[in-house]
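The numbers here are math on the coordinates, done by the rules we state, and not lab data. Please read these numbers as outputs of a predicted model, since none were measured by experiment. With ideal geometry, Cβ positions are generated from the backbone for all residues, glycine too; neighbour counts draw on all protein chains shown.
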C-alpha cells in the first residue's frame, strides 16, 4: 500500500510526468514550465499549501495539491483542493482516499474551517469519492479571469 507524504523539492522531477498525465486526461495543453511554475512554490513553502504524494516502494503513483486561503464567510482559513491524480493502474485501490484523508487531516491540523474542491460534473468516480468523504455540492458558481 502507498504511503502519503508531503512532497519535497527533489520530488518535482517525478511529479512532472504525473502532472502531464493529468493534463492529458483533462485536455489541457500546459507547458512543463507552466506546470513547474505552479508546483514549485507550493512544494517550497508550506504557507502557500501542500503537495501530497502517494509513494509506493519509491515510485510516485499519485498526488494531491491543496492551497490555503482565508474567507470571511468561512470564518477563517480555507483550503482548496486544486487537483488530485492517481495513475490509472492504481485507481480503485484506496490511493485517492488516502490522499484525501491525509489532506483533510492536514487541514484540520492547520485549524481550517472549510475545504473546497472542484470537480467536473461528468466525473462520477471522483464525485463518488468526495460524497463518501462528506463533501456536498454547493449552489455557488465559480467564475475566473486570467490576468
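Descriptive notes on the structure:
- Entry for the chain at q = 0.12, 0.14, 0.21 Å⁻¹: log10 I(q)/I(0) = -0.49, -0.69, -1.63, Debye formula applied to identical alpha-carbon scatterers, no solvent contribution.
- When the chain is treated as a GNM with alpha-carbon contacts under 10 Å, the residue of 81, 72, 61 showing the greatest mean-square fluctuation is 72.
- Here 100, 143 are placed in order of increasing Cβ neighbour count within 10 Å, fewest first, which gives 143, 100.
- Mean residue ellipticity (222 nm) of the chain, computed from DSSP H runs ≥ 4 via -39,500 (n - 2.57), nearest 500: -11000 deg cm²/dmol
- Working note: Debye formula, equal point scatterers on the alpha-carbon atoms of the stretch 62-135, no solvent; log10 I(q)/I(0) at q = 0.16, 0.19, 0.21, 0.23 Å⁻¹ is -0.57, -0.79, -0.94, -1.09.
- Springs between Cα atoms under 10 Å define the GNM used for the chain, and in it the highest mean-square fluctuation of 99, 60, 133 occurs at 133.
- The distance separating the Cα centre of the stretch 88-147 from that of the stretch 45-77 comes to 11 Å.
- The Cα trace of the stretch 1-64 gives Rg and Dmax of 11.6, 32 Å, the first to one decimal, the second as a whole number.
- Relative contact order (%) - the chain, alpha-carbon pairs under 8 angstrom, separation at least six: 19
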